[in-house]
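To keep things clear, I will list the structure first and then write my remarks on it.
The values are calculated or read from the model by the stated rules, or taken from the named source; none is laboratory data. Computed from a prediction, not measured in an experiment: that's the story for all the values here. Quick reminder, even Gly has a Cβ in these numbers, built from the backbone with ideal geometry, and neighbours come from all protein chains shown. Heavy atoms of the whole protein, side chains included, go into the accessibility calculation; ligands, DNA and RNA do not. Shrake-Rupley method; radii C 1.70, N 1.55, O 1.52, S 1.80 Å.
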Amino acid sequence: MITTEDEYVLIDRILAGEKQLYATLVDKYKSYAYTIAMKILENRSDAEEAAQDGFIKAFHYLKNFNRQAKFSTWLYRIVFNTAISYKRKVKPTFQSIETSIIEYSEQADHQTEQDDKQVYIVKAMNRLNEADRLAIQLFYIKEFNMEEVAEMMGQNLNTIKVRIHRARLRLADELKGLLKQEALTL
Amino acid sequence: MNKLSPAKEEELLRYLDGEMEPSQKIKLEAELQAMPELKERLEELRTIRSFLVRKSTFETPSKTFTQKVMAGLDAQPVKSLFSPHKGLLLLMGVIIASVLALMLLSNGVFDNTSTSLLVDTTPIKNRWIEDTTFSIPFNGKILVNGIIFLNLALALVLLDRTVLRPWFQKRASVDY
């Protein structure tokens, strides 16, 4: 387990030229970074590339890391921005929403009512605006608190708080609407 | 069902997140017993919350992730086609050329350059081949206008590549 102090020592040594030590930081944070990129890009290979690119950028900017925030928060912000710029470059996949619905629908035939609800929540998630969706997804990743999500997304804490609350209420409304619609078609 | 007030919905979210004072919690629980619509809304929000918690799993990157990052550390970042210095010089040149052309145009230098270009497509004529000569109207003013337009478009591209883009990239990197 590497403490924040150990991390600073490690960063000093990396900056002094022991580049190979950067692998320790990559190993520690790669799952988080990749998860962030996946939430944004929703595609494994793009997310992997963006997360790797984020780590490489962080290495090049390491001397600018001022240690006012945690290294992890600083790194996640770089990964977040890198993934967002990848998303702008990558052509939109028009079938993504439909595909996810079909995948869930196939499973839903054999699963419980609870799983049926999941299909509709996924559908409702896709109807949220992107910033609200990302805020809520990042907030529910274990170990990310609201301050970290705000820092990562480059927005103030109150905005993120509003986004998360609004998204939860909106999801509940959407789910209710979709279930009502489904009941009417039966 | 009557729409709940935003304050009441906020209370429900805080209740689900366990952020309520014990006294507030007791009060809300009593309200939940008395108001079925409040209870219904709480259940909707609970479903969403448990879904989000379930979905909050970590993704696992490939086994070669760290190796790929370490291999990429030495890769040089892609440099812009123009250095800022060269780009600015070129930009100035393009602007000066456009201004000169505009000045000449406004002074009427190209006003008398309208003519027709005769084009003869048949090198050998005889009595069986009819005359295929035709003319193309040529207007110097239109041509210069076109050149100025292309110059301005080039100036915009240069402005983007050599001034704006590097400036925004620098600003973004300072943030890190």
Conditions (1) within 22 Å of A:D132 (Cα to Cα); (2) assigned to a helix (DSSP H, G or I): number failed by B:L4: (2)
Flag for B:G93 being more than 14 Å from every other protein chain (Cβ to nearest Cβ), at positive phi and modelled with pLDDT of 85 or more: no
Subset of the stretch A:54-80 [outside any helix (DSSP H, G or I) and either touching a residue at least 40 places away in the same chain (Cβ under 8 Å) or within 21 Å of A:Q20 (Cβ to Cβ) (or both)]: A:F65, A:R67, A:A69, A:K70
Options A:A47, A:A33; residue that is at the interface with chain B (Cβ under 9 Å from one of its Cβ atoms), more than 19 Å from A:A150 (Cα to Cα) and within 15 Å of the chain's Cα centre (by Cα): A:A47
Selection status of B:F51, at pLDDT below 90, open to solvent by less than 40 Å² (accessible area, probe 1.4 Å) and among the aromatic types (F, W, Y): yes
Residues of the stretch A:165-175 satisfying the condition of being open to solvent by less than 60 Å² (accessible area, probe 1.4 Å) and either over 22 Å from A:V149 (Cα atoms) or of a type outside the set (D, E, K, R) (or both): A:H165, A:A167, A:L169, A:L171, A:A172, A:E174, A:L175
Unique match (being over 30 Å from A:W74 (Cβ atoms), at pLDDT 70 or above, away from chain A (no Cβ under 14 Å) and surrounded by 14 or more Cβ atoms within 10 Å (Cβ to Cβ)) among B:L156, B:L102, B:L143: B:L102
Of all residues in the stretch B:19-45 being among the charged types (D, E, K, R) and within 14 Å of chain A (Cβ to nearest Cβ), the one that is least open to solvent (accessible area, probe 1.4 Å): B:R41
Exclusive hit being surrounded by 17 or more Cβ atoms within 10 Å (Cβ to Cβ), more than 10 Å from chain B (Cβ to nearest Cβ) and over 18 Å from the mean Cα position of the chain (by Cα), set A:I84, A:I11, A:I40, A:I56: A:I11
Residues within the stretch B:89-113 that are within 15 Å of B:K141 (Cβ to Cβ), hydrophobic (A, V, I, L, M, F, W, C) and touching a helix residue (DSSP H, G or I) at 6+ places or on another chain (Cβ under 9 Å), tallied: 6
Sole exception among (1) over 19 Å from the mean Cα position of the chain (by Cα); (2) of a type in the set (A, V, I, L, M); (3) modelled with pLDDT of 70 or more for A:A108, by number: (3)
Filter result for the condition that a residue is within 9 Å of chain B (Cβ to nearest Cβ) and of a type in the set (K, R), over A:K176, A:K123, A:K161: A:K176
Tally, over the stretch B:56-74, of residues that are surrounded by 12 or more Cβ atoms within 10 Å (Cβ to Cβ) and either among the small types (G, A, S) or more than 7 Å from chain A (Cβ to nearest Cβ) (or both): 5
Flag for A:A51 being open to solvent by less than 40 Å² (accessible area, probe 1.4 Å) and without any contact (Cβ under 8 Å) to a residue 40 or more places away in the chain: yes
